[in-house]
Amino acid sequence: MIPLVTSEDSLRGLFSAITEHTFQVDLGVADPVLTDYLVEMLVRFTRSAEMHRFRDVEGRRLVEVVDMVSEAGQRESKPKRELHRHIGDYTLFWSGVFPEALNHLQAADSKDHLIDYEQQGRKSYFIASKFEDDPYGEEAPILRRLSQDYDLVRFGLNRVRQDWDKLPAETAAQYASDENSENN
């Protein structure tokens, strides 16, 4: 039997180990603030409700980036900042962790068909980073960094995904190895 990761803390630990290894060892980016932010984003997006938590004024979930950008343009202050941060996270998550889903998300019949996820993600992170008053001052530099280094971070998240895709096979092999050594 393969052990399952069931709690949010276990999931956070798994994402943390893979993300830190990928960014620090594989990419040479030793930035705990960056890796902590990415880990929290990955954990947050494991909950489907978090992926589409924003709604328009009529209560409809915002599921396309075009709609999120339009809604952000109508908001002010904290809601505007939060929505732009979400757009940055959303585009980074899909383009980095699940780039194969972009064909579906940007299909010809989608409003997002002509959206450049990278460009919009950079722009949204930059806009969110401009909110530097409390309580946002501490997070502003990492959002600015995500805007500037979007390509590197997207590439890193893709590597994280590749590493976690290997986990079931590695876990099963390790489990079988442990079972065999116990039986001998």
(request) Being in contact with a helix residue (DSSP H, G or I) (Cβ under 7 Å, 6 or more places away or on another chain), free of Cβ contacts under 8 Å to residues at least 40 places away in the same chain and aliphatic (A, V, I, L, M) is the filter; apply it to region 9-50 and report the residue that is surrounded by the most Cβ atoms within 10 Å (Cβ to Cβ). (result) Val39
(request) Those residues that are in a loop (DSSP other than H, G, I, E, B), of a type in the set (Ser, Thr, Tyr) and under 21 Å from Phe98 (Cβ atoms), I need them from region 6-60; list them, please. (result) Thr46
(request) Being surrounded by fewer than 18 Cβ atoms within 10 Å (Cβ to Cβ) and of a type outside the set (D, E, K, R) is the filter; apply it to region 116-134 and report the residue that is nearest to Leu62 (Cα to Cα). (result) Gln119
(request) Only one of these is closer than 22 Å to Asn158 by Cα, at pLDDT below 90 and over 12 Å from the mean Cα position of the chain (by Cα): Ser10, Ser77, Ser16. Name it. (result) Ser10
(request) Hey, can you tell me all the residues within region 99-126 that are under 16 Å from the mean Cα position of the chain (by Cα) and among the small types (Gly, Ala, Ser)? (result) Ala101, Gly121, Ser124
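The values are calculated or read from the model by the stated rules, or taken from the named source; none is laboratory data. Owing to the predicted nature of the structure, the values given are computational and were not obtained by experimental measurement. A quick note on method: Cβ atoms are made from the backbone with ideal geometry, for glycine too, and the neighbour counts reach across all protein chains shown.
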